[in-house]
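Novice: First the structure, which I've put down as structure tokens, then a few questions once you've had a look.
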Amino acid sequence: MAARCLLFVPGNRPDRFESALRASPEGIIIDLEDAVTAGDKDTARANVLRLLVERPAKDGPPILIRINSPDTRAGLHDLLSLGEGLATADSVVLPKVEAPRDVALLRAHLARANLPILALVETAAGLDHATAIAQALRPGDALGLGGADLAADLGATLAWEPLLLVRSTLVLAARRRLALFDVPLLNRDPGSALAEEAVRVRALGYTGKLAIHPDQVGPIHAAFAPDADEITHARAILSAWTGQGVTTLDGLMIDAPVAAMARHTLHRAGLAS
């Protein structure tokens, strides 16, 4: 789950699968849930299984599958299809997670496949149990914010200020042990709003942001990648710090936490510290 951006594509639109994979080299989420109407669920599932069976040995970008909630008939069909080893996805996205038992149930059904899980918190009940849900996840799993559903459940507006506490709660739950993905921006033509929101959630501690359109992938990647000045500054901090005690660099006090943040910056840039 080292991706900065994962792109949603509806499971009932197989004509979009290949273009989505080209647009999002870090991975796509094929959606069997919200993007697919009840009458198209079986067709969408068949499309996904066909794609996964036909692709050679997981070549190309990762493919994640957002199943329907296991509390629904469609979700049970999804679990049966994936759990019987008919296909080999790279990860399963579990919607509307409200308690650790939801993660445990999915893990039990997918025991043979042993797939990583991206758990989406999308309800007030899920938010109440966010820390317990995160603790039920394993290293290599991830946590994500389903903002639209959660805003509706809370009676809140899907905007920055109303969801700031929600976003911060998930940061505390993930505690740097898990990858953490922010909700997609639903405006397909957002101008600068997408980049601004991505920078803001990165500053909070999110490791990535979900996308609903190929045009969103580039701005999200750019927002989560440290720029040249950040990289230079991080390297200077690590060069100045002796490994113990406190020193200064251009008036900035450098101690172990500051050095740790500098290493994190270089890690996000794909550079060794």
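Novice: Residues to consider are Ala203, Ala256, Ala272, Ala211; find the one that is of a type in the set (A, V, I, L, M), at pLDDT 75 or above and loosely packed, with under 11 Cβ neighbours inside 10 Å.
Specialist: When all the criteria are applied, what remains is Ala203.
Novice: Given the conditions (1) open to solvent by less than 50 Å² (accessible area, probe 1.4 Å); (2) in contact with a helix residue (DSSP H, G or I) (Cβ under 7 Å, 6 or more places away or on another chain); (3) at pLDDT 75 or above; (4) more than 26 Å from Ile117 (Cα to Cα), and given that Trp241 satisfies all but one, which numbered condition is not satisfied?
Specialist: Among (1) open to solvent by less than 50 Å² (accessible area, probe 1.4 Å); (2) in contact with a helix residue (DSSP H, G or I) (Cβ under 7 Å, 6 or more places away or on another chain); (3) at pLDDT 75 or above; (4) more than 26 Å from Ile117 (Cα to Cα), the lone unmet condition for Trp241 is (3).
Novice: Now for a separate question. Wholly within the stretch 136-240, which helices (runs of 4 or more DSSP H) include no fewer than the required count, namely at least 3 residues that are in contact with a strand residue (DSSP E or B) (Cβ under 8 Å, 6 or more places away or on another chain)?
Specialist: So the answer is 160-174, 193-204, 214-224, 228-240.
Novice: Are any of the residues in the stretch 166-176 within 28 Å of Arg16 (Cβ to Cβ) and surrounded by 19 or more Cβ atoms within 10 Å (Cβ to Cβ)?
Specialist: The answer is no; no qualifying residue exists.
Novice: List every residue pair whose Cβ atoms sit under 9 Å apart, with the two residues 6 or more apart in sequence or on different chains, where the first one lies in the stretch 160-174 and is free of Cβ contacts under 8 Å to residues at least 60 places away in the same chain and the second, anywhere, is exposed (fewer than 12 other Cβ atoms within 10 Å of the Cβ).
Specialist: Sorted first by the residue in the stretch 160-174, then by its partner, the pairs are Leu163/Thr157.
Novice: If the requirement is being open to solvent by 30 Å² or more (accessible area, probe 1.4 Å), out of contact with any His (no Cβ under 7 Å at 6 or more places or on another chain), under 30 Å from Arg176 (Cα atoms) and small (Gly, Ala, Ser), which of these qualifies: Ala3, Ala104?
Specialist: Ala104
Novice: Applying the selection to the stretch 190-223, what residues are of a type in the set (Gly, Ala, Ser) and either over 14 Å from Leu7 (Cα atoms) or more than 15 Å from the chain's Cα centre (by Cα) (or both)?
Specialist: Gly191, Ser192, Ala193, Ala195, Ala198, Ala203, Gly205, Gly218, Ala222, Ala223
Novice: Right, next: Those residues that are open to solvent by less than 10 Å² (accessible area, probe 1.4 Å) and not aliphatic (A, V, I, L, M), I need them from the stretch 115-132; list them, please.
Specialist: Glu122, Gly126
Novice: Mind listing just one residue for me: the one in the stretch 27-61 that is without any contact (Cβ under 8 Å) to a residue 60 or more places away in the chain, outside any helix (DSSP H, G or I) and aliphatic (A, V, I, L, M) and, of those, most open to solvent (accessible area, probe 1.4 Å)?
Specialist: My answer is Ala57.
Novice: How many residues does the stretch 108-131 contain that are more than 25 Å from Arg4 (Cβ to Cβ) and within 18 Å of the chain's Cα centre (by Cα)?
Specialist: Matching residues across the stretch 108-131 total 1.
Novice: Please go through the stretch 13-26 and pick out each residue that is surrounded by fewer than 22 Cβ atoms within 10 Å (Cβ to Cβ) and assigned to a loop (DSSP other than H, G, I, E, B).
Specialist: Matches in the stretch 13-26: Arg13, Pro25, Glu26.
Novice: A further question on this structure: Scanning the stretch 93-123 for residues that are part of a loop (DSSP other than H, G, I, E, B), at pLDDT below 95 and of a type outside the set (D, E, K, R), which turns out farthest from Gly11 (Cα to Cα)?
Specialist: Among residues in the stretch 93-123 that are part of a loop (DSSP other than H, G, I, E, B), at pLDDT below 95 and of a type outside the set (D, E, K, R), the one farthest from Gly11 (Cα to Cα) is Ala111.
The values are calculated or read from the model by the stated rules, or taken from the named source; none is laboratory data. Fair warning: this is a prediction, and the values are worked out from it, not measured in the lab. So basically every Cβ, Gly included, is an ideal-geometry build from the backbone, and we count neighbours across all protein chains shown. With ligands, DNA and RNA removed, areas are computed over all heavy atoms of the protein, side chains included. Shrake-Rupley method; radii C 1.70, N 1.55, O 1.52, S 1.80 Å.
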